[in-house]
Amino acid sequence: MDFTLSDEQRALQDSVQRYVSRQYAFESRRAIERTAAGWSPQVWQDLADLGVLGINVPQEHGGLGYGPIETLLVMNLFGSCLLLEPYAASAVVATAVLRDSASTHLQASWLPRLVRGEAVATLAHFEPTSRFDARQVRSRATLANGGYVLQGQKALVEHAAADILLVSARIAGADDAQEGVSLFVVPRDAPGLSLRSCRTLDGRSAADIALESVEVPASARVGMDGGALAVIERSLGFGTAALCAEAVGAMQALVDATVAHLKTRQQFGRPIGSFQALAHRAADMLLELEQARSMSFLAAVRSMGADDRERQRALSAAKVITNRAARFIGQQAVQLHGGMGMTDELQVGHWFKRLAAIEMTLGDTDTHLQRFAALGTFPASVRAT
Amino acid sequence: MDLDFSAAEDRFREDVRGFVQARLPPAVRARASRGLSPTRDDYLSWHRTLQERGWVAPGWPAKFGGCDWSPVQLHIFEEEMARGDAPLPLPFGTKMVGPVIMEFGTPAQQGLFLPRILSGEHWWCQGYSEPGAGSDLASLKTRAVREGDHYVVDGQKTWTTLAQYADWIFCLVRTDPQAKAQRGISFLLIDMRTPGVSVRPIITLDGAHEVNEVWFENVRVPVGNLIGTENQGWTYAKFLLAHERSSFGGVGRAKRELERLKGVAYSERRHGRPLLEDALFAAKVAQVEIDLMALEITNLRVLDAARAQRALGPEVSILKVQGSVIQQRISELLLEAVGPYGLPFVPERERHGATAEGIGPPHAAGLAARYCNERKLSIFSGSNEIQRNIIARMMLGF
């Protein structure tokens, strides 16, 4: 048991910290959000130059060969600066899918480009009817002319304007069968693939995707035919851990902003933080934050685990704690900032909205509570009978 | 970053687990599994068994008869004791006055008291709270007036846990009535058999006699029983509080109770199905289990910091608040789990020695009393409101 960071990890943290505090102040972020794309290719290139896009890529493909702990460190920072660029979608989830199951050829053609920032990838998996259940896949892939034809819909794909989409579709089985799902690398401009884009609550972009007879070659298939769900689920687990870490960064920023406000804002002739009702609320915010921080560590470490049940239990537990903390801290930060907390002008509301979005991403509280309970351990007294 | 225990720590855990399984008297384990507190004899016999193994105060330095264990080992030890339903040695001697005597006592005091804490010859209790001094401990009024080679002590302490069995009490007393709050307080060791000391029981909601009032009338205490310097007692009291906090979270105990909850909820039925499989109840159990997982990691963070001798921040107060709330939540769910059979109530002292349980399933007996008793967790050792004051002061500086 050891919570200390290695020198390498601290150096990575420092370099990203320096970058975001210089280049990603709230006003810069606001300018980026106002652009048509809603993200900055320049920032993406800078992150590539820092090596950060290669954290989850093996060295043979030009990456750093790191993993979830280093991802956690940078996600903390991206949470506090409210990074708009699609880090978790591309450099964590999609990257993990390619790294863990793609053919040597696909890895060699895409991973180095992702690392260098020349391409962005995103996983297009969830569908209008799947809610948060990764097993629900209705889109179909049928064999034709030695390749596949894809038909179906994908919902709220994060950063769907990416260069490549990793699209799941069924070759066999019922809509919620564990087996029968395949995954394909599809260029965003493939004929038959169309997007309906929107901005989300947190200022990011997403899109519903229609797949109408989209033809892909057999070489575009990622992993085993019909056996992709396992790697998708595992990669979404890495994404969940990253999201928990991002939330911790945003919550820390909100706690800091709230503390600063409570110390300086004067009413009735005293700083409002000297009133116990508010001071105790601040204490409760810190309490929730620290529990979420603890669980973000657990999520990162266990996301690599070989035992599926233990891995999923830890990730679900982490998301439950994170979601609850995100809601409490987000709401209380707005509350304790009073009317100013309601304004678009202050960053507080933007952290609040990002946290609300995180709650709705990769499983809400009820979904994870239910999964945790379903994976529950029975007590020794029960096992014995 | 690594959240797992080392192979050596795992082996150590096996050792402790094996020892508890082999040596804990079945009667003690049986009482614990019926939800009863350990009796005086349970405490004393288990204390002597631990002493044979050298494990009464394993956190003490070896030169005083401890084991020099790391904070992590101590955590594992306490977790395994809880897991095996073994009573922990009472903290008043081993974790409170013992470390104070080691740090601030004279060689004579160390030679007299420390071996007797280890042997169990001296049962200690804590004389801190008074009727008018709870959270505001420094407002305490019990007086000690120097007369020659003695202090004469007058006043009253309260909430004194298991004082009815105690041989000695360590007290905060006011030696300088002119000085402000913390400054005029001294730390005195008082033999409970001294004339003028009397103990009156306080019966709590659960019907148990766990706490007491301790009265002092003209109690003559030799000046040799003063710890350190007169009027410096507050410093020693603060030192003691810092020591007491290392195992604040009660993670081991909560894990044991969670296991119990699952067992009870599995054997109870709602609509013909195990209650543990009822969606509504399962969600409540899942939520508290998840909270406990988070608490455990936070506790490991505190242990890691303590092992590296890094200064502890608000995490310690977080452990106290969350640890108490989680244990209380489990005690609520245990009571909910048995439905109407939470109603029959037999005070704990009447259940000891009873040959038959009352009405309802055996696992329901004592759950209502336990629920009542555990309300204390968010009140004692610095109420959760005081903990929030501490956290807020670290954050805000007010």
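Miscellaneous remarks
- Over all distinct Cα-Cα pairs of the stretch A:180-223, the Kirkwood formula returns a hydrodynamic radius of 12.2 Å.
- Distance from the C-alpha centroid of the stretch B:278-333 to that of the stretch A:32-70: 35 Å, rounded to the whole angstrom.
- The fraction of Cα-Cα pairs per 10 angstrom bin, counted from 0 for chain A, comes to 5, 23, 32, 25, 11, 4, 1, 0 percent, rounded to whole percents.
- Virtual spin-label span in nm between A:R140 and A:R116, 7 Å along Cα→Cβ: 4.1
- The P(r) of the stretch B:124-231 has a tail past 17 Å containing 49 percent of all C-alpha pairs.
- Stokes-Einstein D (µm²/s) once Rh is taken as the Kirkwood radius of chain B over alpha-carbon pairs, at 10 °C in 1.306 mPa s: 71
- Pairwise FRET efficiency - A:S197 versus A:D364, Cβ, R0 = 22 Å, nearest 0.05: 0.40
- Translational diffusion coefficient (Stokes-Einstein; Kirkwood radius from C-alpha pairs) of the protein assembly as shown at 10 °C, 1.306 mPa s, in µm²/s: 54
- Contact order for the stretch A:86-142, expressed relative to its length and based on alpha carbon pairs under 8 Å spaced 6+ residues apart, stands at 31 percent.
- Counting lysine pairs in the stretch B:248-396 that sit 8 or more residues apart in sequence, or on different chains, and whose Cα atoms lie under 18 Å apart gives 4.
- The simple spin-label model puts a point 7 Å past each Cα toward its Cβ; for B:R17 and A:D163 those points are separated by 5.1 nm.
- Relative contact order (percent, whole number), the stretch A:230-379, Cα cutoff 8 Å, 6+ residue spacing: 29
- Candidate cross-link partners of B:K63 among the aspartates and glutamates, defined by an alpha-carbon separation under 17 Å and a same-chain spacing of 8 or more, comprise B:E52, B:E103.
- Debye, to nearest 20: dipole size of the stretch B:248-396, +1 on Lys, Arg Cβ, -1 on Asp, Glu Cβ: 340
- Ranked list, fewest to most other Cβ atoms within 10 Å of each Cβ, for A:H280, B:H363: A:H280, B:H363
- Per-residue Cβ neighbour counts within 10 Å put B:F5, B:F170, A:F126 in the sequence B:F5, A:F126, B:F170, beginning with the fewest.
- Arranged from fewest to most other beta-carbon atoms within 10 Å of their beta carbon, A:V97, A:V334 become A:V334, A:V97.
- Residue by residue along A:276-282, Cβ atoms of other protein chains within 10 Å of the local Cβ number 4 on average.
- Computed from the C-beta positions of A:Q23 and A:R265, the FRET efficiency with R₀ = 30 Å rounds to 0.50.
- The string of couplings for the stretch A:11-21 from the Karplus curve (6.51, -1.76, 1.60, θ = phi - 60°) is 5, 4, 4, 4, 5, 6, 4, 4, 5, 5, 6 Hz, one whole number per residue in order, with x for Gly and Pro.
- Virtual paramagnetic centre 7 Å along Cα→Cβ of A:A306, amide N under 20 Å, in the stretch A:91-112: A:100-101
- Phi to ³J(HN,Hα) by Karplus 6.51 cos²θ - 1.76 cosθ + 1.60 over the stretch A:114-124, Hz, x for Gly, Pro: 5, 4, 7, x, 7, 8, 10, 10, 8, 8, 10
- Note on the stretch B:7-89: Cα convex hull, mean projected area over all directions, 5.3 nm².
- The distance from the alpha carbon centre of the stretch A:109-164 to that of the stretch B:220-273 is 53 Å, rounded to a whole number.
- Straight-line cross-link reach from A:K353 at under 18 Å between alpha-carbon atoms covers these lysines, not counting any fewer than eight positions away in the same chain: A:K319.
- When the charge dipole of the protein assembly as shown is built from unit charges on Cβ atoms (+1 for Lys and Arg, -1 for Asp and Glu) and taken about the Cα centre, the candidate among B:V321, B:Y151, B:Y371 whose Cα reaches farthest toward its positive end is B:Y151.
- Label sites at A:R131 and A:E8, each approximated as a point 7 angstrom past Cα along Cα to Cβ, lie 4.2 nm apart.
- A:D175-A:Q276 FRET efficiency (beta carbon distance; Förster radius 60 Å; 0.05 resolution): 0.65
- Taking one quarter of the surface of the convex hull spanned by the alpha-carbon atoms of the stretch A:257-385 gives a direction-averaged projected area of 10.3 nm².
- Computed helical MRE - 222 nm, the protein assembly as shown, DSSP H runs ≥ 4 contributing -39500 (n - 2.57), nearest 500: -15000 deg cm²/dmol
- For the stretch A:7-120, the convex hull spanned by the alpha carbon atoms encloses 87 Å³ per residue.
- Per residue, the average separation of C-alpha pairs within less than 8 Å and at least 6 apart gives chain B a relative contact order of 14 percent.
- The alpha-carbon of B:K180 sits under 16 angstrom from the alpha-carbons of these aspartates and glutamates, leaving out residues fewer than 8 places away in its chain: B:D136, B:E230.
Computed from the coordinates by the stated procedures, all read-outs in this text should not be read as laboratory data. Because the structure is a prediction, the values reported are computed rather than measured. Every residue, glycine as well, gets a Cβ built from its backbone with ideal geometry; the counts of neighbours run over all protein chains shown.
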